[in-house]
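Take a look at the structure set out below.
The values are calculated or read from the model by the stated rules, or taken from the named source; none is laboratory data. Keep in mind it's a predicted model, so treat the numbers as computed, not measured. We place every Cβ from the backbone using ideal geometry, glycine too, and count neighbours over all the protein chains shown. Calculation scope for accessible area: heavy atoms of the full protein, side chains included, ligands and nucleic acids excluded. Shrake-Rupley method; radii C 1.70, N 1.55, O 1.52, S 1.80 Å.
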Amino acid sequence: MYNKESETLELKTSFGEWKEIIITLCSFANHKGGKVIVGINDDGSPANLEIGKNTIEDFVNKLKNNTDPTLYPSINIKTHALGEIVEIEIHPSDYKPVFAFERAWIRVGKSNIKLSSEKIREFILRYEPVDFDNRNIENIDYSPKWKNKLNAKGYLFKNNLAEYLCLSKVNIEYPQAVVKAARFKGREPVTFIDTDNFDMGILDITDQTINFIKKNIKLSYLITEKAERQEIWEYPLVALREAIINALVHRDYTDPGNIQIRIFDNFLEIWSPGLLPKELNLNTLNKNSRSIPRNKNILNIFHLAGEIENWGTGFARINNACEENNNPSPEYREETGAFIIKLKPSLQTQITTNKVTDKVTDKVTDKVTDKVTDKVTDNQEKLLKIIQNNPKTTTAQLADAVGISQRKIKENIKKLKDANILERIGNEKSGYWQIIRPLNY
(Lines give C-alpha, C1' and ligand atoms only; values in the text may rest on other atoms or scores of the structure.)
Protein backbone atom coordinates (compact mmCIF):
# COMPACT_ATOMS: atom_id res chain seq x y z
CA MET A 1 0.00 0.00 0.00
CA TYR A 2 2.77 2.46 0.97
CA ASN A 3 6.01 1.18 -0.47
CA LYS A 4 7.65 4.05 -2.34
CA GLU A 5 8.74 7.41 -1.02
CA SER A 6 8.41 10.35 -3.39
CA GLU A 7 8.36 14.12 -3.64
CA THR A 8 5.07 14.15 -1.72
CA LEU A 9 5.29 10.99 0.42
CA GLU A 10 7.56 10.06 3.34
CA LEU A 11 7.50 6.82 5.40
CA LYS A 12 8.48 6.71 9.07
CA THR A 13 8.55 3.75 11.43
CA SER A 14 7.51 5.56 14.63
CA PHE A 15 7.22 8.90 16.39
CA GLY A 16 10.71 8.30 17.74
CA GLU A 17 11.69 10.07 14.49
CA TRP A 18 9.62 13.14 15.39
CA LYS A 19 12.34 15.63 14.42
CA GLU A 20 12.67 14.14 10.95
CA ILE A 21 8.87 14.10 10.62
CA ILE A 22 8.65 17.82 11.45
CA ILE A 23 11.44 18.68 9.00
CA THR A 24 9.65 16.71 6.29
CA LEU A 25 6.35 18.51 6.96
CA CYS A 26 8.23 21.82 6.75
CA SER A 27 9.76 20.72 3.41
CA PHE A 28 6.34 19.77 2.06
CA ALA A 29 4.83 23.08 3.20
CA ASN A 30 7.51 25.02 1.33
CA HIS A 31 6.91 23.01 -1.84
CA LYS A 32 3.85 21.15 -3.14
CA GLY A 33 2.52 19.75 0.13
CA GLY A 34 2.64 16.07 0.99
CA LYS A 35 1.93 13.27 3.42
CA VAL A 36 3.98 11.50 6.11
CA ILE A 37 2.88 7.96 7.01
CA VAL A 38 4.03 6.90 10.47
CA GLY A 39 3.98 3.16 11.18
CA ILE A 40 5.54 1.91 7.90
CA ASN A 41 9.07 0.57 7.50
CA ASP A 42 11.35 1.77 4.70
CA ASP A 43 10.56 -1.32 2.64
CA GLY A 44 6.82 -0.63 2.88
CA SER A 45 6.05 -3.34 5.41
CA PRO A 46 3.87 -2.49 8.45
CA ALA A 47 5.75 -1.62 11.64
CA ASN A 48 2.76 -2.75 13.77
CA LEU A 49 2.78 0.59 15.57
CA GLU A 50 0.77 1.08 18.75
CA ILE A 51 -0.32 4.66 19.39
CA GLY A 52 0.03 5.68 23.05
CA LYS A 53 -2.56 7.74 24.89
CA ASN A 54 -0.63 11.03 24.60
CA THR A 55 1.45 10.29 21.48
CA ILE A 56 -0.47 12.50 19.06
CA GLU A 57 -0.91 15.36 21.53
CA ASP A 58 2.79 15.28 22.37
CA PHE A 59 3.73 15.36 18.67
CA VAL A 60 1.37 18.27 17.93
CA ASN A 61 2.95 20.28 20.75
CA LYS A 62 6.45 19.58 19.39
CA LEU A 63 5.27 20.62 15.92
CA LYS A 64 3.81 23.84 17.31
CA ASN A 65 6.95 24.71 19.27
CA ASN A 66 9.40 24.01 16.46
CA THR A 67 7.81 25.46 13.30
CA ASP A 68 7.43 29.09 12.26
CA PRO A 69 4.84 29.90 11.08
CA THR A 70 3.15 27.10 13.00
CA LEU A 71 2.03 24.17 10.83
CA TYR A 72 -1.44 22.67 11.31
CA PRO A 73 -1.58 19.38 9.38
CA SER A 74 -4.49 16.98 9.25
CA ILE A 75 -3.81 13.82 11.31
CA ASN A 76 -5.69 10.54 10.84
CA ILE A 77 -5.15 7.27 12.71
CA LYS A 78 -5.95 4.07 10.83
CA THR A 79 -5.76 0.37 11.61
CA HIS A 80 -3.18 -1.36 9.43
CA ALA A 81 -2.12 -5.04 9.61
CA LEU A 82 -1.53 -5.90 13.27
CA GLY A 83 -1.05 -2.32 14.37
CA GLU A 84 -1.87 1.24 13.42
CA ILE A 85 -0.59 3.91 11.08
CA VAL A 86 -0.88 7.70 11.31
CA GLU A 87 -1.36 9.78 8.15
CA ILE A 88 -0.08 13.33 8.59
CA GLU A 89 -0.94 15.54 5.60
CA ILE A 90 0.13 19.14 5.02
CA HIS A 91 -0.80 21.51 2.17
CA PRO A 92 1.52 24.10 0.58
CA SER A 93 1.83 27.04 2.95
CA ASP A 94 0.54 30.48 2.00
CA TYR A 95 3.21 32.00 4.25
CA LYS A 96 6.51 30.77 2.87
CA PRO A 97 9.19 30.22 3.91
CA VAL A 98 8.27 27.89 6.76
CA PHE A 99 11.05 27.19 9.28
CA ALA A 100 11.63 24.06 11.36
CA PHE A 101 14.19 24.18 14.13
CA GLU A 102 15.14 27.68 12.91
CA ARG A 103 15.96 26.39 9.43
CA ALA A 104 13.96 26.52 6.21
CA TRP A 105 13.65 23.31 4.24
CA ILE A 106 12.25 22.27 0.87
CA ARG A 107 11.42 18.91 -0.70
CA VAL A 108 13.59 17.89 -3.64
CA GLY A 109 12.80 14.42 -4.93
CA LYS A 110 12.80 12.15 -1.88
CA SER A 111 15.08 14.40 0.18
CA ASN A 112 14.66 17.38 2.48
CA ILE A 113 17.10 20.15 1.51
CA LYS A 114 18.00 23.29 3.46
CA LEU A 115 16.83 26.40 1.63
CA SER A 116 19.60 28.70 0.41
CA SER A 117 19.61 32.32 1.54
CA GLU A 118 18.76 33.36 -2.03
CA LYS A 119 15.70 31.10 -2.08
CA ILE A 120 14.61 32.38 1.32
CA ARG A 121 14.78 35.98 0.03
CA GLU A 122 12.80 34.94 -3.04
CA PHE A 123 10.07 33.42 -0.85
CA ILE A 124 9.92 36.52 1.33
CA LEU A 125 9.53 38.80 -1.68
CA ARG A 126 6.80 36.63 -3.14
CA TYR A 127 4.82 35.72 -0.04
CA GLU A 128 5.40 38.74 2.19
CA PRO A 129 5.47 41.74 -0.17
CA VAL A 130 6.37 45.04 1.42
CA ASP A 131 3.79 47.82 1.17
CA PHE A 132 6.34 50.58 0.77
CA ASP A 133 4.91 53.14 -1.64
CA ASN A 134 2.92 55.06 1.01
CA ARG A 135 6.05 56.55 2.60
CA ASN A 136 6.08 60.32 2.92
CA ILE A 137 8.25 62.30 0.48
CA GLU A 138 8.84 66.03 0.81
CA ASN A 139 9.27 68.66 -1.92
CA ILE A 140 8.19 66.63 -4.94
CA ASP A 141 8.73 68.52 -8.19
CA TYR A 142 5.51 67.41 -9.88
CA SER A 143 5.13 67.19 -13.66
CA PRO A 144 2.47 69.82 -14.54
CA LYS A 145 0.94 67.55 -17.18
CA TRP A 146 0.09 64.75 -14.76
CA LYS A 147 -0.64 66.97 -11.77
CA ASN A 148 -3.25 68.88 -13.78
CA LYS A 149 -4.76 65.65 -15.04
CA LEU A 150 -5.10 64.21 -11.54
CA ASN A 151 -6.42 67.52 -10.20
CA ALA A 152 -9.18 67.30 -12.78
CA LYS A 153 -10.03 63.82 -11.44
CA GLY A 154 -10.36 65.16 -7.89
CA TYR A 155 -7.26 63.30 -6.69
CA LEU A 156 -6.03 64.32 -3.22
CA PHE A 157 -2.25 64.58 -3.26
CA LYS A 158 -0.47 62.86 -0.38
CA ASN A 159 3.21 63.64 -1.11
CA ASN A 160 4.13 59.97 -0.85
CA LEU A 161 6.68 57.77 -2.59
CA ALA A 162 4.15 56.53 -5.15
CA GLU A 163 3.55 60.12 -6.29
CA TYR A 164 7.28 60.77 -6.48
CA LEU A 165 7.89 57.72 -8.65
CA CYS A 166 4.90 58.38 -10.92
CA LEU A 167 4.66 62.16 -11.16
CA SER A 168 8.05 63.73 -10.58
CA LYS A 169 9.78 65.51 -13.44
CA VAL A 170 13.06 63.73 -12.84
CA ASN A 171 13.81 60.81 -10.53
CA ILE A 172 17.07 61.33 -8.64
CA GLU A 173 16.21 59.66 -5.32
CA TYR A 174 15.42 56.10 -6.45
CA PRO A 175 17.92 54.89 -9.09
CA GLN A 176 16.25 51.47 -9.18
CA ALA A 177 13.22 53.15 -10.82
CA VAL A 178 15.32 54.14 -13.85
CA VAL A 179 14.44 52.02 -16.89
CA LYS A 180 17.33 50.76 -19.02
CA ALA A 181 16.88 49.91 -22.71
CA ALA A 182 19.34 48.38 -25.15
CA ARG A 183 19.49 46.99 -28.67
CA PHE A 184 22.03 44.18 -28.89
CA LYS A 185 23.73 42.60 -31.86
CA GLY A 186 22.80 38.95 -32.27
CA ARG A 187 21.08 36.87 -29.59
CA GLU A 188 23.24 37.60 -26.53
CA PRO A 189 23.46 40.74 -24.33
CA VAL A 190 27.10 41.37 -25.22
CA THR A 191 27.53 43.84 -28.10
CA PHE A 192 25.50 47.05 -27.80
CA ILE A 193 24.08 48.76 -30.88
CA ASP A 194 21.96 51.38 -29.08
CA THR A 195 21.27 52.15 -25.41
CA ASP A 196 19.33 54.65 -23.33
CA ASN A 197 18.28 55.22 -19.69
CA PHE A 198 14.96 56.81 -18.72
CA ASP A 199 14.94 58.64 -15.39
CA MET A 200 11.75 60.71 -15.57
CA GLY A 201 8.59 59.89 -13.60
CA ILE A 202 7.36 56.45 -14.57
CA LEU A 203 4.14 57.80 -16.12
CA ASP A 204 6.34 59.46 -18.76
CA ILE A 205 8.65 56.48 -19.16
CA THR A 206 6.06 54.41 -21.05
CA ASP A 207 6.07 56.59 -24.16
CA GLN A 208 9.83 57.13 -24.01
CA THR A 209 10.57 53.41 -23.97
CA ILE A 210 8.04 52.75 -26.76
CA ASN A 211 9.82 55.37 -28.90
CA PHE A 212 13.18 53.71 -28.21
CA ILE A 213 11.80 50.31 -29.19
CA LYS A 214 10.21 51.68 -32.39
CA LYS A 215 13.59 53.10 -33.36
CA ASN A 216 15.19 49.66 -33.02
CA ILE A 217 12.63 47.27 -34.55
CA LYS A 218 11.34 46.72 -38.05
CA LEU A 219 8.30 48.38 -39.54
CA SER A 220 6.55 46.79 -42.51
CA TYR A 221 3.75 48.01 -44.73
CA LEU A 222 0.89 45.96 -46.08
CA ILE A 223 -0.51 47.40 -49.29
CA THR A 224 -4.19 46.67 -49.77
CA GLU A 225 -7.01 47.95 -51.92
CA LYS A 226 -7.61 50.66 -49.31
CA ALA A 227 -6.19 54.13 -49.85
CA GLU A 228 -3.93 53.95 -46.80
CA ARG A 229 -1.26 51.30 -46.36
CA GLN A 230 -1.29 49.29 -43.13
CA GLU A 231 1.64 49.56 -40.72
CA ILE A 232 2.85 46.27 -39.25
CA TRP A 233 5.42 46.54 -36.50
CA GLU A 234 7.76 43.65 -35.77
CA TYR A 235 6.21 43.58 -32.28
CA PRO A 236 2.65 44.88 -31.65
CA LEU A 237 2.74 48.27 -29.97
CA VAL A 238 -0.31 47.41 -27.85
CA ALA A 239 1.47 44.38 -26.39
CA LEU A 240 4.66 46.38 -25.79
CA ARG A 241 2.74 49.12 -24.00
CA GLU A 242 0.88 46.64 -21.78
CA ALA A 243 4.08 44.78 -20.93
CA ILE A 244 5.96 47.98 -20.05
CA ILE A 245 3.13 49.35 -17.91
CA ASN A 246 2.85 45.96 -16.18
CA ALA A 247 6.54 46.18 -15.30
CA LEU A 248 6.34 49.80 -14.14
CA VAL A 249 3.28 49.25 -11.94
CA HIS A 250 3.93 45.81 -10.51
CA ARG A 251 7.71 45.52 -10.20
CA ASP A 252 9.36 45.20 -6.79
CA TYR A 253 10.80 48.64 -6.06
CA THR A 254 12.62 47.34 -2.99
CA ASP A 255 14.82 45.34 -5.37
CA PRO A 256 17.89 47.42 -6.38
CA GLY A 257 17.68 46.19 -9.98
CA ASN A 258 16.18 48.07 -12.93
CA ILE A 259 13.52 47.26 -15.48
CA GLN A 260 15.40 46.30 -18.63
CA ILE A 261 14.21 46.38 -22.24
CA ARG A 262 16.41 43.98 -24.20
CA ILE A 263 16.08 43.96 -27.99
CA PHE A 264 17.87 41.23 -29.96
CA ASP A 265 17.93 40.24 -33.62
CA ASN A 266 14.95 37.91 -33.39
CA PHE A 267 13.30 38.45 -30.01
CA LEU A 268 12.61 41.12 -27.38
CA GLU A 269 12.51 40.76 -23.60
CA ILE A 270 11.22 42.94 -20.77
CA TRP A 271 12.82 42.13 -17.42
CA SER A 272 10.98 43.30 -14.30
CA PRO A 273 12.51 42.94 -10.80
CA GLY A 274 10.34 40.80 -8.53
CA LEU A 275 8.36 37.59 -8.94
CA LEU A 276 4.68 37.04 -9.66
CA PRO A 277 2.28 37.10 -6.69
CA LYS A 278 1.78 33.63 -5.28
CA GLU A 279 -1.84 33.59 -6.52
CA LEU A 280 -0.75 33.80 -10.18
CA ASN A 281 0.67 30.96 -12.21
CA LEU A 282 3.09 31.33 -15.12
CA ASN A 283 1.24 28.62 -17.04
CA THR A 284 -2.14 30.38 -16.93
CA LEU A 285 -1.13 33.95 -17.79
CA ASN A 286 -2.44 33.48 -21.33
CA LYS A 287 -5.92 33.69 -19.80
CA ASN A 288 -7.57 36.52 -17.92
CA SER A 289 -5.99 37.06 -14.52
CA ARG A 290 -7.32 39.05 -11.61
CA SER A 291 -5.39 42.13 -10.54
CA ILE A 292 -3.14 41.49 -7.53
CA PRO A 293 -1.16 44.72 -7.15
CA ARG A 294 2.14 44.85 -5.34
CA ASN A 295 2.13 48.66 -5.37
CA LYS A 296 -1.46 49.75 -4.72
CA ASN A 297 -0.83 53.49 -4.72
CA ILE A 298 1.13 53.38 -7.97
CA LEU A 299 -1.64 51.31 -9.54
CA ASN A 300 -4.26 53.84 -8.41
CA ILE A 301 -2.32 56.76 -9.91
CA PHE A 302 -1.88 54.96 -13.25
CA HIS A 303 -5.58 54.13 -13.22
CA LEU A 304 -6.68 57.72 -12.53
CA ALA A 305 -4.24 58.97 -15.18
CA GLY A 306 -5.98 56.73 -17.72
CA GLU A 307 -2.91 54.55 -18.33
CA ILE A 308 -4.32 51.30 -16.96
CA GLU A 309 -7.70 49.59 -16.63
CA ASN A 310 -7.14 47.98 -13.22
CA TRP A 311 -9.10 44.90 -14.26
CA GLY A 312 -6.34 42.32 -14.58
CA THR A 313 -6.72 42.18 -18.38
CA GLY A 314 -3.15 43.17 -19.24
CA PHE A 315 -1.85 39.69 -20.04
CA ALA A 316 -4.92 38.87 -22.13
CA ARG A 317 -4.37 42.09 -24.10
CA ILE A 318 -0.73 41.17 -24.70
CA ASN A 319 -1.71 37.73 -25.96
CA ASN A 320 -4.52 39.05 -28.17
CA ALA A 321 -2.31 41.76 -29.67
CA CYS A 322 0.35 39.18 -30.56
CA GLU A 323 -2.25 36.94 -32.17
CA GLU A 324 -3.73 39.79 -34.21
CA ASN A 325 -0.27 40.92 -35.35
CA ASN A 326 0.64 37.33 -36.31
CA ASN A 327 3.32 37.05 -33.62
CA PRO A 328 4.00 33.77 -31.79
CA SER A 329 2.45 33.57 -28.34
CA PRO A 330 4.45 35.50 -25.73
CA GLU A 331 6.57 33.53 -23.29
CA TYR A 332 6.51 34.22 -19.54
CA ARG A 333 9.18 33.04 -17.12
CA GLU A 334 10.92 33.86 -13.85
CA GLU A 335 14.68 34.00 -13.57
CA THR A 336 17.15 35.33 -10.97
CA GLY A 337 14.38 37.09 -9.06
CA ALA A 338 12.85 38.77 -12.13
CA PHE A 339 9.66 38.29 -14.13
CA ILE A 340 10.33 38.22 -17.87
CA ILE A 341 8.07 38.67 -20.89
CA LYS A 342 9.58 37.45 -24.16
CA LEU A 343 8.13 38.43 -27.54
CA LYS A 344 9.09 37.02 -30.92
CA PRO A 345 8.79 38.86 -34.27
CA SER A 346 5.65 38.92 -36.35
CA LEU A 347 5.31 36.20 -38.99
CA GLN A 348 3.36 38.62 -41.18
CA THR A 349 4.63 38.71 -44.76
CA GLN A 350 6.37 42.02 -45.30
CA ILE A 351 6.31 44.20 -48.36
CA THR A 352 8.69 46.88 -47.13
CA THR A 353 10.58 47.42 -43.88
CA ASN A 354 11.80 50.43 -42.00
CA LYS A 355 15.18 49.85 -43.58
CA VAL A 356 13.64 50.35 -47.01
CA THR A 357 11.70 53.48 -47.83
CA ASP A 358 8.02 53.19 -48.58
CA LYS A 359 8.85 54.19 -52.14
CA VAL A 360 10.65 51.14 -53.40
CA THR A 361 14.23 52.19 -54.08
CA ASP A 362 15.99 51.87 -57.37
CA LYS A 363 18.38 49.22 -56.10
CA VAL A 364 17.78 45.55 -55.44
CA THR A 365 19.54 44.02 -52.42
CA ASP A 366 22.26 41.42 -52.65
CA LYS A 367 19.75 38.72 -51.71
CA VAL A 368 18.01 39.32 -55.02
CA THR A 369 20.93 40.10 -57.28
CA ASP A 370 24.67 40.00 -57.33
CA LYS A 371 25.01 42.19 -60.39
CA VAL A 372 22.21 44.11 -62.03
CA THR A 373 22.78 44.54 -65.73
CA ASP A 374 21.17 47.02 -68.04
CA LYS A 375 18.91 44.26 -69.37
CA VAL A 376 16.76 44.55 -66.25
CA THR A 377 14.69 47.72 -66.18
CA ASP A 378 14.14 49.91 -63.14
CA ASN A 379 10.53 48.80 -62.94
CA GLN A 380 11.58 45.15 -62.98
CA GLU A 381 14.06 45.80 -60.14
CA LYS A 382 11.29 47.44 -58.12
CA LEU A 383 8.94 44.59 -58.89
CA LEU A 384 11.49 41.96 -57.79
CA LYS A 385 12.22 43.87 -54.59
CA ILE A 386 8.54 43.81 -53.66
CA ILE A 387 8.22 40.12 -54.50
CA GLN A 388 11.32 39.35 -52.43
CA ASN A 389 9.61 40.84 -49.37
CA ASN A 390 6.12 39.54 -50.18
CA PRO A 391 6.05 36.46 -52.41
CA LYS A 392 2.23 36.43 -52.23
CA THR A 393 1.77 39.98 -53.47
CA THR A 394 -0.93 40.47 -56.13
CA THR A 395 -0.71 42.12 -59.51
CA ALA A 396 -2.85 45.01 -58.24
CA GLN A 397 -0.55 45.53 -55.26
CA LEU A 398 2.51 45.47 -57.52
CA ALA A 399 0.93 48.06 -59.82
CA ASP A 400 0.19 50.36 -56.88
CA ALA A 401 3.69 50.01 -55.44
CA VAL A 402 5.63 50.36 -58.70
CA GLY A 403 3.33 53.05 -60.09
CA ILE A 404 2.47 51.48 -63.43
CA SER A 405 -0.59 49.72 -64.85
CA GLN A 406 -1.45 46.09 -64.17
CA ARG A 407 -0.96 45.38 -67.89
CA LYS A 408 2.63 46.65 -67.69
CA ILE A 409 3.19 44.58 -64.54
CA LYS A 410 2.10 41.44 -66.37
CA GLU A 411 4.40 42.24 -69.29
CA ASN A 412 7.38 42.67 -66.98
CA ILE A 413 6.55 39.48 -65.08
CA LYS A 414 6.43 37.57 -68.39
CA LYS A 415 9.88 38.90 -69.35
CA LEU A 416 11.32 37.89 -65.97
CA LYS A 417 9.74 34.44 -66.23
CA ASP A 418 11.10 34.01 -69.76
CA ALA A 419 14.56 34.90 -68.48
CA ASN A 420 14.29 32.21 -65.76
CA ILE A 421 14.51 34.86 -63.04
CA LEU A 422 10.97 34.57 -61.71
CA GLU A 423 8.66 31.59 -61.30
CA ARG A 424 5.06 31.18 -60.17
CA ILE A 425 4.51 28.40 -57.63
CA GLY A 426 0.90 27.23 -57.38
CA ASN A 427 -2.25 28.82 -58.75
CA GLU A 428 -3.22 32.48 -59.03
CA LYS A 429 -5.20 32.55 -55.76
CA SER A 430 -3.16 30.55 -53.28
CA GLY A 431 0.24 30.43 -54.97
CA TYR A 432 3.30 32.65 -54.62
CA TRP A 433 6.22 34.07 -56.55
CA GLN A 434 9.73 32.68 -56.30
CA ILE A 435 12.95 34.35 -57.45
CA ILE A 436 14.87 31.44 -58.89
CA ARG A 437 18.22 32.97 -59.82
CA PRO A 438 20.22 36.23 -59.61
CA LEU A 439 19.80 38.88 -62.26
CA ASN A 440 23.23 38.50 -63.83
CA TYR A 441 22.03 37.06 -67.14
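A few points about this structure:
- With all pairs of separate Cα atoms included, region 159-205 yields a Kirkwood hydrodynamic radius of 11.9 Å.
- One equal scatterer on each Cα of region 1-151, no solvent, Debye formula: the resulting log10 I(q)/I(0) at q = 0.10, 0.18 Å⁻¹ is -0.44, -1.02.
- Charge-dipole axis of the chain as Lys and Arg at +1 and Asp and Glu at -1 on Cβ define it, positive-most pick from 195, 432, 339: 432
- Selection from 213, 305, 230 lying farthest towards where the dipole of the chain points positive, charges on Cβ: 230
- Entries in 344/385; 185/414; 147/342 that, when Cα-Cα distance is taken, lie over 30 Å: 185/414; 147/342
- Counting DSSP beta bridges with both ends in the chain, the antiparallel % (nearest 5): 85
- Bridge orientation summary for region 160-268: considering DSSP beta bridges with both residues in this region, about 75 percent are antiparallel.
- Packing here is the average count of other Cβ atoms within 10 Å per residue, and on that basis the peptides 185-197, 264-276, highest first, run 264-276, 185-197.
- Part-to-part distance (alpha-carbon centres) for region 1-46 and region 181-196, which is given in Å: 50
- Excluding ligands, DNA and RNA, the accessible surface per residue across the chain is 53 Å² with a 1.4 Å probe.
- Ranked by the mean number of other Cβ atoms within 10 Å of their residues, highest first, the peptides 339-345, 278-284 come out as 339-345, 278-284.
- Surface share of carbon and sulfur [accessible, 1.4 angstrom probe, percent] for the chain: 46
- Exceeding the 23 Å Cα-Cα cut-off - candidates 35/96; 62/114; 218/415: 218/415
- Averaging 1/r across all pairs of distinct Cα atoms in the chain and inverting the result yields a Kirkwood radius of 26.9 Å.
- GNM top mover of 76, 326, 216 - the chain, alpha-carbon springs below 10 Å: 76
- P(r) for region 168-258, from all Cα pairs and a bin width of 5 Å, is 3, 12, 18, 20, 18, 13, 7, 5, 3, 1, 0 %, short bins first.
- Dividing the mean sequence gap of close Cα pairs (under 8 Å, 6+ apart) by how many residues region 79-164 holds gives a relative contact order of 22 percent.
- Accessible surface of residue 80, taken over heavy atoms with a 1.4 Å probe and every protein chain present, rounds to 40 Å².
- Protection proxy ranking, highest mean first, for peptides 408-419, 235-246: 235-246, 408-419, where packing is the per-residue count of other beta-carbon atoms within 10 Å, averaged.
- Contact order for region 142-300, expressed relative to its length and based on alpha carbon pairs under 8 Å spaced 6+ residues apart, stands at 22 percent.
- Straightening the chain between residue 425 and residue 291 buys 43.2 nm, computed as 0.36 nm per residue apart minus the Cα-Cα spacing.
- Charge dipole of the chain about the Cα centre (unit charges at C-beta), most positive-ward option of 55, 109, 45: 109
- When 421, 106 are compared by accessible area at a 1.4 angstrom probe, the order from most to least is 106, 421.
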